[in-house]
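Step one of this worksheet: look at the structure below.
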Amino acid sequence: MPAPALSVTDLALSSGGRQLVHPLTFSMVAGERVALLGASGSGKSLTAAALAGSLPEGISAGGTITFGAGFGAGSGKGQAALIRQDPATALNPLVPIGRQLAIPLRSAGYSRADAQAEAARLLARAGIGEPATFLPRYTGQLSGGQLQRACIALALACGAPVLVADEPTTALDAVTQNTVLETLRMWSTGGRSLLFITHDLAAAASLCTRALVMEAGRIVEQGPMADLLRNPRHPYTVRLVQAASRSAEPLAADSSAEGAAPRSAPATAVAA
């Protein structure tokens, strides 16, 4: 078995004595694309923040998060790039988008000119048309969908071995969603791993080969994506698959096969 790129052991999150995420244990190997599925309030976003070392103030964490030795083992902080669910809070409104993208690129050794060129290329990969004209803009000049794509480009610019994408396609139209899914697929080549957090089962099935299903702060089922689609076992997973099949075209059991083209589908709201 390949060595894990990310190992999570007994990760638990609480606030004011209230357990928000019960002890979670899972791992990902290098180059793997894993979906973390669940409804709003299930603990997905808090788990994402913990992996990226950016938990909100007042949240206490227990357990361990370690990254593969090939990327430098550690406590987890700074080892994963995060695409946040709310892009409006992830970017500095006082700094142009191009300058924000250049910060991690300059830290990686790019010259000023090369950083700007790479920033434009990353914006294009995230679905931004005419990216050179986009670089001098501020967040207040962007739509919600544009902000989301800028956050995706910023996460890609960090070049981390693990990318945690928290609902990255929610604010996007179908065409741009396909572009972003293909970008995330290409990003995971070369040994980089992706944790794709979503309630959109169709998007997850088109991108990921394995899934973790989360309900009320617990992982209730996990396994290959195709198996979960064909034969969900936990009642919550059954409801999730049934809700997706009612609101979108039927999901093919082999839709998560390597190399399958991403497809558009409306986000599926899963009843808690």
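The values are calculated or read from the model by the stated rules, or taken from the named source; none is laboratory data. Being a predicted model, the structure only gives us computed values, none of them experimental. For neighbour counting, all protein chains shown are included, and Cβ atoms are generated from backbone atoms with ideal geometry for every residue, glycine included. For the accessible areas, the whole protein counts, side chains as well, though only heavy atoms, and no ligand, DNA or RNA atoms are used. Shrake-Rupley method; radii C 1.70, N 1.55, O 1.52, S 1.80 Å.
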**Request:** List every residue pair whose Cβ atoms lie under 6 Å apart, where the two residues are 6 or more positions apart in sequence or sit on different chains, the first residue falls within segment 214-239 and is in contact (Cβ under 8 Å) with a residue 60 or more places away in the chain, and the second residue, located anywhere, is in a helix (DSSP H, G or I).
**Result:** Met214/Lys44; Glu215/Tyr236; Met225/Ala205
**Message:** So in segment 51-67, with the set limited to residues that are part of a loop (DSSP other than H, G, I, E, B) and in contact with a Gly (Cβ under 9 Å, 6 or more places away or on another chain), which one is least open to solvent (accessible area, probe 1.4 Å)?
**Reply:** Ala52
**Message:** Residues to consider are Ala48, Ala35; find the one that is of a type in the set (A, V, I, L, M), touching an Asp or Glu at 6+ places or on another chain (Cβ under 7 Å) and outside any loop (DSSP other than H, G, I, E, B).
**Reply:** Ala48
**Message:** Is it the case, given these coordinates, that Gly17 is of a type in the set (Gly, Ala, Ser) and touching a helix residue (DSSP H, G or I) at 6+ places or on another chain (Cβ under 9 Å)?
**Reply:** no
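Given the options Arg121, Arg137, Arg106, Arg112, name the one that is touching a helix residue (DSSP H, G or I) at 6+ places or on another chain (Cβ under 8 Å), in contact (Cβ under 8 Å) with a residue 40 or more places away in the chain and open to solvent by 70 Å² or more (accessible area, probe 1.4 Å). Reasoning before the result, please.
Details: Arg121 fails: in contact (Cβ under 8 Å) with a residue 40 or more places away in the chain; Arg106 fails: in contact (Cβ under 8 Å) with a residue 40 or more places away in the chain; Arg112 fails: in contact (Cβ under 8 Å) with a residue 40 or more places away in the chain.
Going through Arg121, Arg137, Arg106, Arg112 in turn, just one is touching a helix residue (DSSP H, G or I) at 6+ places or on another chain (Cβ under 8 Å), in contact (Cβ under 8 Å) with a residue 40 or more places away in the chain and open to solvent by 70 Å² or more (accessible area, probe 1.4 Å): Arg137.
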**Request:** Considering every residue within segment 167-185, establish whether at least one is open to solvent by 60 Å² or more (accessible area, probe 1.4 Å), over 30 Å from Ser143 (Cβ atoms) and at pLDDT below 90.
**Result:** no
**Message:** Report every pair of residues separated by at least 6 positions or lying on different chains whose Cβ atoms are under 7 Å apart, first residue within segment 159-187 and part of a helix (DSSP H, G or I), second open to solvent by 50 Å² or more (accessible area, probe 1.4 Å) and modelled with pLDDT of 85 or more.
**Reply:** Thr183/Arg125
